[in-house]
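This report refers to the structure that appears directly beneath it.
The numbers here are math on the coordinates, done by the rules we state, and not lab data. Since the model is a prediction, treat every value here as computed from it, not as a measurement. Backbone-built Cβ (ideal geometry, glycine too); neighbour counts: all protein chains shown.
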């Protein structure tokens, strides 16, 4: 075993949580290995190409799953350095005070911490990611003014974005940032903001193109993680392991480990993979006679005080992309003309937590994504109200609106499957990020989120990871110092 590579920390996954944790731990002087099953994205412009990204789904995961009824499913996941942060729309919003508290009526459990505990880490993440607001463009401003005049219950505020201040100087990038990966590093993501800053640091190693097969226990204590086994059966040892593979993948590794090591009697085991939240999501397209020339589009957040678990943001889609949302029975020439005169919107409602909405690992067949929105009826009811109210509000502005629910394969905001909490009877991860009952295993991705909130989760995942990794770095450095002092001279 002594000939096997050994690190202070192994991080599994390079998305928001993994990249931020690597940055903190490496800068603390710890020897860190980051393992990413995907590889670097190409820089040849293909990640901005509509046909390859949308038409062919070239960069989507091809991993097969089953749903809760045994039907085939292929979640829209991304395996590459930077994970989902390379692709999605750079909307970086904080959770509000009340979204750290519980809301039993909406089936929302409370966090074991409060917003004040996260505030400085939100600050750090926003600074590093270059979060800024952009001016509302003319076509959207016209829609907003007419909407507020005819439906005064709607409020708007600027949408904070992780985009370069000069992105408008790059029209292709500006029109293709929502759902596309930047070639010129004009969109803040885990790779460009965190990993590139430590890429040449001697105590940092990045391993790509290989997946972690299983967690390895310490020979003397099976509740302590000693390293990982890769798909090629090589073993790498570390004093601490961080799960950052995402809410669909981290729980599968943990479930397999606990079952293989006969740790199913631990209270937290019963919660592994459960309480999956996806956000209730609908894409809406609104059409009017005028051609829409806005470029960024995704600049404003829409809120309704009567729907406190919901929010709306414009899609950062130009006419070409919006045309793809128009039903396929419409001739493509007509769809393209409609797309030029349309604005897209992304409607989302906070999902409640239900134990039967879950991810299940499997060694003999496919993994399972068992999710049913009717298990959280208050969330479903509010989302239906949101869609109806916003459609009617757009109609009153003179626009024709149609919508499409985003299906089970839309897992961009998946969260909650290793929920954090103070009690292992109803959670998996403690307030310091460590798995209840296991030594040296931490979680820094979106699977810890007790609540999905009404806004995108990325900034909160970054902030959680910075919090956990900062405290973990101090702890590990202290332990190394004590260990070195105890060695006889």
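Screening residue 455 with (1) closer than 26 Å to residue 272 by Cα; (2) assigned to a helix (DSSP H, G or I) gives one miss only, at (2). Of the residues examined, residue 60 is not one that is over 27 Å from residue 451 (Cβ atoms) and crowded, with 20+ Cβ neighbours inside 10 Å.
Among the residues that make up segment 156-173, is at least one of them over 22 Å from the mean Cα position of the chain (by Cα), closer than 18 Å to residue 346 by Cα and touching a residue at least 24 places away in the same chain (Cβ under 8 Å)? The answer is yes; a qualifying residue exists. Scanning segment 444-458 for residues that are out of contact with any helix residue (DSSP H, G or I) (no Cβ under 6 Å at 6 or more places or on another chain) and either free of Cβ contacts under 8 Å to residues at least 24 places away in the same chain or farther than 22 Å from residue 254 by Cα (or both) yields 454, 455, 456.
Restricting attention to segment 402-432 and to residues that are within 17 Å of residue 117 (Cβ to Cβ) and not in a strand (DSSP E or B), the residue that is farthest from the chain's Cα centre (by Cα) turns out to be 422.
Which strands (runs of 3 or more DSSP E) does segment 105-222 wholly contain that include 1 or more residues that are within 18 Å of residue 315 (Cα to Cα) and touching a helix residue (DSSP H, G or I) at 6+ places or on another chain (Cβ under 6 Å)? Give the derivation first.
Details: elements: 154-158, 204-208, 212-218.
Counting at least 1 such residues, we get 154-158.
Can you find a residue that is surrounded by fewer than 17 Cβ atoms within 10 Å (Cβ to Cβ), out of contact with any strand residue (DSSP E or B) (no Cβ under 8 Å at 6 or more places or on another chain), without any contact (Cβ under 8 Å) to a residue 24 or more places away in the chain and more than 21 Å from residue 298 (Cβ to Cβ) anywhere in segment 214-225? Scanning segment 214-225 turns up at least one residue that is surrounded by fewer than 17 Cβ atoms within 10 Å (Cβ to Cβ), out of contact with any strand residue (DSSP E or B) (no Cβ under 8 Å at 6 or more places or on another chain), without any contact (Cβ under 8 Å) to a residue 24 or more places away in the chain and more than 21 Å from residue 298 (Cβ to Cβ).
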